[in-house]
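Novice: Once you've had a glance at the structure underneath, I'll fire off some questions.
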Amino acid sequence: MHVHRESAHLCRLAVLVLAALYCAPSSAQIIGLGTLGGNVCNSENTNNAGAVIGTCRDEDGDIVAVYWAPGTDTPQRLAALEPDGPCDVYDVNNANVAAGNCEEGANGEFFPVRWIASLPGSAPQRLNPVGVHSKAAASVINHSGVIAGVSVDSNGGGHAVIWKSGKVTPTLLPELGLLPPLIPTSTECSVADMTDGVDPAVVGKCELRNGGSVAVKWESGLLGYHPIELARLPGGSNCTASAVNSRGQIAGTCETSVGDIAAVRWASAEAQPTWLDKLESSGPSRQQLSVADMNEAGIVIGNYLTDGGLGHAFVWAPAEDPGHETALDLGGLGGFWTKAMDIADNGFVVGIAQNASGLGEAFLWTPEQHSSGLGTLGGFASGAFALSDDGRWWIGSSELSNGNVHAFRGGLAKARASRTAMSPSRPASVKASGGEGYASRNDNVDIDAITGNPRLFANYMACVLDKSPCAPLALDFKRLLPDLLGADCRKCYKQ
């Protein structure tokens with residue numbers, strides 16, 4: 001018996017559904033995380049395993065640092081430096097080492113600490129300030145375990161520092177100047193971001209003695225770290241560096257020659273900046289174009305004011321040509337304003353936007369689907385604050401129906417589980433008796449009509465995920481999916 005190979009159309013439709021399953025966010029977008037008996041929990045950050053760090057109010061009303069392990073919703077206390085002492089936790093790396101600050105001493109001063117978050121109850125490691133400095137604070141940890149922050153002198157001035165992995169003594173990042181610290185031209189510096197090496201490149205800003213601020217990158221060399229002042233805009237002033245990636249690209253914000261604020265990217269520490277001061281879709285907009293983050297591909301996100309004075313978010317892939325730079329407005333959820341918070345290496349963006357009801361709602365933006373609301377945990381408002389580096393997890397906080405605020409976690413795990421459930425078998429009902437291929441009854445299907453109709457395509461997706469009854473054609477390609485997963489589409493046309 002002669003058997004036709006399956007129609008290229010039906011294989012194409014099945015592949016598109018697979019692509020949507022792999023790339024699209026799960027429909028179960030956020031899941032509430034548990035508490036310590038109090039009525040408030042807030043999340044701060046997450047890693048590629050889905051671990052979450054944040055703070056919770058316990059049953060006694062105290063605010064404590066907590067860790068939610070991957071796959072669980074039960075928070076674990078991160079131990080304090082003193083019994084019942086308050087702590088804040090700000091960042092966690094892929095090794096589940098977290099960085100934050102805890103109170104210690106009669107004066108109520110906070111000191112930086114590192115926790116091995118995956119070891120519940122383990123004592124935090126206190127990190128020291130520089131020499132005679134009175135205190136310090138941590139803000140960022142990289143995947144090599146390096147923590148960055150500031151050491152504060154007796155006059156209250158902040159000095160940028162890093163603590164190498166396993167070390168409690170800081171490495172001071174030098175001030176700007178001819179012979180710092182003897183003749184510094186800066187008064188204090190702070191860190192915003194760093195790369196992931198054991199001797200990372202670090203970026204931030206320094207305040208100048210003669211007024212204003214400059215963006216700075218610190219690089220490690222044979223004689224230790226040295227600062228590089230990043231170029232300002234022509235005739236401009238007051239810059240800050242907000243993000244750096246492993247390719248040496250730096251993103252930040254600078255004032256222009258007329259005092260407006262522009263988003264800026266430096267291709268390297270020595271390069272002249274490329275800047276963005278307008279969006280084509282919204283016309284000239286020369287106020288407060290500030291950078292929020294940048295990913296490994298050099299894609300920048302930020303926030304700006306429209307000509308009407310409304311706050312919007314943008315995503316920017318710099319063209320390295322100041323005369324032709326433009327960016328994409330991220331859109332919104334039907335309200336007037338949007339704020340972007342974080343971007344992952346897969347291009348996903350999270351933040352908070354006003355929805356059509358006038359309330360703030362967490363959103364996820366993807367290159368394929370653009371902005372979509374993540375909903376709430378039953379209350380009025382929510383916000384998404386951070387993504388894992390790979391974009392598989394997003395975290396935030398949401399009101400409950402009773403008005404309390406709980407942390408949440410969302411991600412791609414449910415869609416992946418659905419794909420796994422589809423893969424074990426290849427139903428014989430769609431195969432011809434000769435076993436060489438599939439029947440050709442779907443050769444004339446208009447796939448473009450399906451994929452071009454969002455509602456119809458969603459019905460096919462719902463069929464595949466067992467969320468609705470299947471039409472005959474939808475059932476055909478649902479039965480085809482296991483063979484695509486298990487046999488790499490060997491029976492499909494080359495197209």
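Novice: Would you mind ranking Ser144, Ser371 by Cβ crowding within 10 Å, fewest neighbours first?
Specialist: In increasing order of surrounding Cβ atoms, one gets Ser144, Ser371.
Novice: OK, next. At 7 Å along the Cα-to-beta-carbon direction for both Leu359 and Gln288, put a label point, then send me their distance in nm to one decimal.
Specialist: 2.5 nm
Novice: May I ask you to derive the FRET efficiency for Thr169 and Ala123 from their Cβ-Cβ distance with R0 = 22 Å, giving the value to the nearest 0.05?
Specialist: Efficiency, from the Cβ-Cβ distance: 0.75.
Novice: Take a quick pass over the stretch 69-219 and tell me how many lysine pairs come in under 18 angstrom between Cα atoms, counting only ones 8 or more apart or on separate chains.
Specialist: 4
Novice: How much length is gained if the chain between Leu400 and Ile31 is pulled fully straight, taking 0.36 nm per residue apart and subtracting their Cα-Cα distance, in nm to one decimal?
Specialist: 131.7 nm
Novice: Measure out, as a whole number of angstrom, how far apart the alpha-carbon centroids of the stretch 202-234 and the stretch 158-173 sit.
Specialist: First find each Cα centre; the distance between them is then 17 Å.
Novice: At what distance in angstrom do the alpha carbon centres of the stretch 337-387 and the stretch 39-61 lie from each other?
Specialist: 19 Å
Novice: Report the calculated FRET efficiency for Gln369 and Ser154 (r = Cβ-Cβ distance, R0 = 41 Å), to the nearest 0.05.
Specialist: So, using R0 = 41 Å, E works out to roughly 0.20.
Novice: OK, next. Report the rotationally averaged projected area of the stretch 101-220 based on its alpha-carbon convex hull, in square nanometres.
Specialist: Mean projected area of the Cα convex hull: 8.1 nm².
Novice: In nm, to one decimal, how far is the modelled label at Ala319 from the one at Ala271, with both set 7 Å along Cα→Cβ?
Specialist: Distance between label points: 1.6 nm.
Novice: Could I ask something else about it? In whole Å, what are the Cα extents of the stretch 261-361 along the three principal axes, biggest one first?
Specialist: 47, 29, 17
Novice: Oh, and also: Can you put Arg114, Arg232, Arg209 in order of Cβ neighbours within 10 angstrom, beginning with the fewest?
Specialist: Least to most surrounded, the residues fall as Arg209, Arg232, Arg114.
Every number in this text was worked out from the coordinates using simple rules, so none of it is lab data. Everything numeric here is computed off the predicted structure, so don't read it as measured data. Neighbour counts run over all protein chains shown; Cβ positions are idealised from the backbone, glycine included.
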